[in-house]
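Before any comments, here is the structure.
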Amino acid sequence: MAEETKPSTAPVEGVPAPAEKAHKPAAAAAPAKPAEAAPAKPTVAKAGSKQTLTQPLQEKESGNIWMTRRNFLSRAGWAAFFSFVGTMLLGSLRFMFPRVLFEPSTVFKAGFPGDYPIGAVSTRWIKDYRTWIVRNEQGFYAIFAQCTHLGCTPRWLDAEGKFKCPCHGSGFTMEAINFEGPAPRPLERVQITLAEDGQLLIDTSIRFREETGQWSNPNAFLNYA
């Protein structure tokens, strides 16, 4: 039997070689998706550093500031309300207790007649009662220490034997008669009597004026031998 002959793959002269099958191009790779960036964490500046806070932290602090302001306005409103109510209550309580001016008594005891030497002016009661007590050979009289010019308090000058006003220079004798300066009239005397216990009793609310003849009143001069 004759052997089968395989077709030869060797190229034959003059016959073109069969073209090789073209290879299909590989599919282009899909572009890779960019990785999502993780949210930035707020960073806090270190102590002594000039580094500022990040934006998220700033927004959070901004919200806290707004809440603080709102709470402040609310509290301020309540404080104003309670202040108003408290003021009204205090006013009501003050209305229940009317104002009363407490002044010292105009009546006082000035000691016994023997405590005063004849021919002397006592300044013992000037500070508390604004009164001089004078004793002469006939008895006692009390002078209210108020200048008849503008109301200043004169001073007794023992060396000169007169009352002298420091404001405008008005002068008065020991008997309270004006003799120099702008004072238009004498000083006023006040009531002087003897109390039941024998002491001098003075009442500065009762006064006597010389120009109207009131010095002749029995209570304007205390006879004491």
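Quick notes on this structure:
- Some residue of the range 149-160 being in contact (Cβ under 8 Å) with a residue 12 or more places away in the chain, within 26 Å of Glu103 (Cα to Cα) and loosely packed, with under 12 Cβ neighbours inside 10 Å: no
- Members of the range 164-205 found to be more than 24 Å from Gly114 (Cα to Cα) and part of a strand (DSSP E or B), listed by number: Lys164, Gly171, Phe172, Asn178, Phe179, Glu180, Ser205
- Among the conditions (1) surrounded by fewer than 20 Cβ atoms within 10 Å (Cβ to Cβ); (2) farther than 24 Å from Ser216 by Cα, Cys165 misses just one, which is (1).
Quick note: the coordinates plus some simple rules give every number you see, no bench work behind them. Because the structure is predicted, anything quoted here is derived from the model rather than measured. Cβ coordinates were reconstructed from backbone atoms using ideal geometry, including for glycine residues, and neighbour counts include every protein chain displayed.
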